[in-house]
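J.: My questions all concern the structure below.
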Amino acid sequence: MNIIHTIGLAPYLTVSAGLLAIGMFGIFANRKNLLVVLMSIELILLSANLNLIAFSSALQNLTGQIMVVFSLTIAAAESAIGIAIIVAYFRNRHSVQIEDASIMKG
Amino acid sequence: MNWTIAIPEIVLSISGLFILLFGVVQKKENAFFSCTILSVAAFITVGFLALTMPPGGGYLGLFISDNFSRFMKFLIILGGLLSVVLSLDYNEGNNTNQFEFPVLIIFSTVGAMIMTSACNLMTLYMGLELSSLALYILCSFDRDNVFSTESGVKYFVLGSLASGLLLYGMSLLYGFSGGLGFDDIQRVLTTNSQHSAGFVIGLVFVLIGLCFKISAVPFHMWTPDVYQGAPTSVTTFLSTVPKFATFAVLLRIMTTSSGFTHQWQILIEVIAILSIVIGSIGAIAQINIKRMMAYSSIAHMGYALIGLATGTAAGVSAALIYLASYLFMNVGTFAVIIAMRRKGRFVESIHDLAGLGKTDSALAVAMAIFMFSMAGVPPLAGFFGKFLVFGAAISAHLMWLAVIGIVASIIGAFFYLRIVKIMYFDQSVESFDQHSLSLSFVSFGMGIVTVGFCLFMRPIMVYGFMAATSLIKM
């Protein structure tokens, strides 16, 4: 018996929507640190992955899990690139504060 | 399994890897020039390959090749090729002449090409990320420059937020339609009249992610900053290739989900109107020419979206022709912007163009042609694009869309013509440095195409219409 049929889909979707909300909140409400933004982006990607796995299990369809393998790889590449860009930025500006990233305006 | 339909992508990726290897093992101090020439050769080869691809599907229905993808791939390869040619001069002058630059442009172009052929959300996501990840690096390529790295940070944060939302939307679409293919989405749309909330939220999230990439209005905040900070050769690329690819995806999803046309239409109409109005008004206040071009590109994407909002074959082919004309005049303008250089330093204020009509008349004529074309003055390329788009909107009974578009294009004429006024009627400060042959070549070539667009119109229109009908029929 598949566990998802005893628990139901709703708890999974609720948790993943909660993760998405925390991630969005972390990007928009956080005025401090760029690294926190990076963590929030990871959280958003993971919420989508949780969704995909839950649906894949409920639909008895493997496509969603294949998609998760791809998107995990991409998430790893994305955070590597993000860290690299933040390091390059830090060397020029000597800060990773979000309010300092404002020399271009208008 | 018909793997041969992806030959252009395969060849371009392998050439990218080969050029990377070539650059690494090069004994000479700097491999930038030779790698750039090799990538120009790769782009030209792949351009011919892409034109000869037969229509068909493959890779278990993940990948499709048709007249539409061929048309878009041709534009994308042309955009990548011209950006690489422009980087030849800009990156030498900017001291960012590392050989990784053309390689990253190649990989980003491969991602864009995959997006145009995607008929499955998985292919779409992979292509989009391949194209975006290379672009994040390209934006902060001038890594000792605080503007460039800041633009990289901004593009990375907002871009990955958008692709995260896109992925979340895809997961909902998967759950509520049972598959990742565009045809699964279409099946749900055509069979059910009442759509579940999760499905609609998923569609809206996907739309948000895609609108971010073409910088349509509610999601355009990043555009001016990133365009200003990124190296100008990257800005050229950024304003053409990823936008074309995303536009191709939007067209394919919209025309596939024909059962949903009405709801889509309202969303796209609102986004198009907002983009045109805010792009045209925002550009007026800009002194920096790259920021001005950013707002101008927001407005241009709005005009192309009008063609998409009609949902007819005529509208889609008008949007394709609009994108083609936008490519030529946009790349030409950026070639002139790269030529704006005094004593080896790049200048970006529009007032630096003062008196260009006297000091460098050939460059001034080219810039005037591009500005008149963007404003939509008749015999030039931009006019035909706007004319076809507005014509399609009127015949699809979207009269108010055409009216607002025409009013906004008159507002837009102000800041384009201001450039012409500054070039010809203001006192010159000091002349620009002598510019290189590659810049003259690109600006001259694009100028010829922009002026003579009415002569090339017929083949472009025929191919555009073939592309549109291959899509609408699906």
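J.: Does region B:86-107 contain at least one residue that is farther than 30 Å from B:VAL40 by Cβ, in contact (Cβ under 8 Å) with a residue 12 or more places away in the chain, within 13 Å of chain A (Cβ to nearest Cβ) and part of a helix (DSSP H, G or I)? Working first, answer last.
T.: Step one: filter region B:86-107 for residues farther than 30 Å from B:VAL40 by Cβ, giving none.
So far as region B:86-107 goes, no, none of its residues is farther than 30 Å from B:VAL40 by Cβ, in contact (Cβ under 8 Å) with a residue 12 or more places away in the chain, within 13 Å of chain A (Cβ to nearest Cβ) and part of a helix (DSSP H, G or I).
J.: Kindly evaluate B:THR469 against the criterion of being more than 22 Å from B:GLY282 (Cα to Cα) and buried (at least 20 other Cβ atoms within 10 Å of the Cβ).
T.: Working: more than 22 Å from B:GLY282 (Cα to Cα): yes; buried (at least 20 other Cβ atoms within 10 Å of the Cβ): no.
Against the criterion (more than 22 Å from B:GLY282 (Cα to Cα) and buried (at least 20 other Cβ atoms within 10 Å of the Cβ)), B:THR469 does not qualify.
J.: Looking at A:ILE41, A:ILE7, A:ILE22, A:ILE3, which one is among the hydrophobic types (A, V, I, L, M, F, W, C) and facing chain B (nearest Cβ under 10 Å)? Write out each step before concluding.
T.: Working: A:ILE7 fails: facing chain B (nearest Cβ under 10 Å); A:ILE22 fails: facing chain B (nearest Cβ under 10 Å); A:ILE3 fails: facing chain B (nearest Cβ under 10 Å).
On inspection, the qualifying residue turns out to be A:ILE41.
J.: Kindly indicate whether any position in region B:213-229 is within 14 Å of another protein chain (Cβ to nearest Cβ) and more than 27 Å from B:THR149 (Cβ to Cβ). It would help to see each step written out before you state the result.
T.: Going through region B:213-229, the residues within 14 Å of another protein chain (Cβ to nearest Cβ) turn out to be B:219-229.
From what's left, more than 27 Å from B:THR149 (Cβ to Cβ): none.
Looking through region B:213-229, none of the residues is within 14 Å of another protein chain (Cβ to nearest Cβ) and more than 27 Å from B:THR149 (Cβ to Cβ).
J.: Would you mind telling me which numbered condition in (1) of a type outside the set (Gly, Ala, Ser); (2) surrounded by fewer than 20 Cβ atoms within 10 Å (Cβ to Cβ); (3) more than 19 Å from B:GLY447 (Cβ to Cβ) B:THR359 fails?
T.: (3)
J.: Determine whether B:SER163 is over 18 Å from A:LEU72 (Cα atoms), part of a helix (DSSP H, G or I), within 20 Å of the chain's Cα centre (by Cα) and at the interface with chain A (Cβ under 9 Å from one of its Cβ atoms).
T.: no
J.: Is it fair to say B:PHE147 is in a helix (DSSP H, G or I), surrounded by fewer than 24 Cβ atoms within 10 Å (Cβ to Cβ) and more than 7 Å from chain A (Cβ to nearest Cβ)?
T.: Values: in a helix (DSSP H, G or I): yes; surrounded by fewer than 24 Cβ atoms within 10 Å (Cβ to Cβ): yes; more than 7 Å from chain A (Cβ to nearest Cβ): no.
So B:PHE147 does not fit the description; no.
J.: For the subset of region A:3-52 comprising residues that are surrounded by 14 or more Cβ atoms within 10 Å (Cβ to Cβ) and among the polar types (S, T, N, Q), which member is farthest from A:ALA101 (Cα to Cα)?
T.: Selected residue: A:ASN51.
J.: Okay, next question. Of all the residues that make up region B:141-160, how many are under 21 Å from the mean Cα position of the chain (by Cα) and in contact (Cβ under 8 Å) with a residue 60 or more places away in the chain?
T.: Of the residues in region B:141-160, 8 are under 21 Å from the mean Cα position of the chain (by Cα) and in contact (Cβ under 8 Å) with a residue 60 or more places away in the chain.
J.: Can you pull out every residue in region B:167-186 that is at the interface with another protein chain (Cβ under 9 Å from one of its Cβ atoms), under 19 Å from B:LEU250 (Cα atoms) and part of a helix (DSSP H, G or I)?
T.: B:LEU167, B:TYR168, B:GLY169, B:MET170, B:SER171, B:LEU172, B:TYR174 - these are the residues of region B:167-186 that are at the interface with another protein chain (Cβ under 9 Å from one of its Cβ atoms), under 19 Å from B:LEU250 (Cα atoms) and part of a helix (DSSP H, G or I).
J.: Tell me, yes or no, whether region A:23-32 has at least one residue that is in contact with a strand residue (DSSP E or B) (Cβ under 7 Å, 6 or more places away or on another chain) and either more than 30 Å from B:PHE147 (Cβ to Cβ) or not in a helix (DSSP H, G or I) (or both).
T.: Scanning region A:23-32, I find at least one residue that is in contact with a strand residue (DSSP E or B) (Cβ under 7 Å, 6 or more places away or on another chain) and either more than 30 Å from B:PHE147 (Cβ to Cβ) or not in a helix (DSSP H, G or I) (or both), so the answer is yes.
J.: Okay, next question. Would you confirm whether any residue within region A:46-57 is of a type outside the set (Phe, Trp, Tyr), touching a residue at least 60 places away in the same chain (Cβ under 8 Å) and either under 22 Å from B:GLY164 (Cα atoms) or part of a helix (DSSP H, G or I) (or both)? Steps first, answer last, please.
T.: Our first condition is that a residue be of a type outside the set (Phe, Trp, Tyr); within region A:46-57, this holds for A:46-54, A:56-57.
Retained after the next criterion (residues that are touching a residue at least 60 places away in the same chain (Cβ under 8 Å)): none.
No, that holds for no residue.
J.: Are any residues in region B:121-143 facing chain A (nearest Cβ under 7 Å), under 22 Å from A:VAL87 (Cα atoms) and either surrounded by fewer than 23 Cβ atoms within 10 Å (Cβ to Cβ) or not charged (D, E, K, R) (or both), and if so, which ones?
T.: Hits for region B:121-143 are B:LEU133, B:TYR136, B:ILE137, B:SER140, B:ARG143.
Throughout, read-outs are computed from the coordinates displayed, never taken from laboratory work. Predicted, not measured: the structure shown is a model, and the values here were computed from it. Quick reminder, even Gly has a Cβ in these numbers, built from the backbone with ideal geometry, and neighbours come from all protein chains shown.
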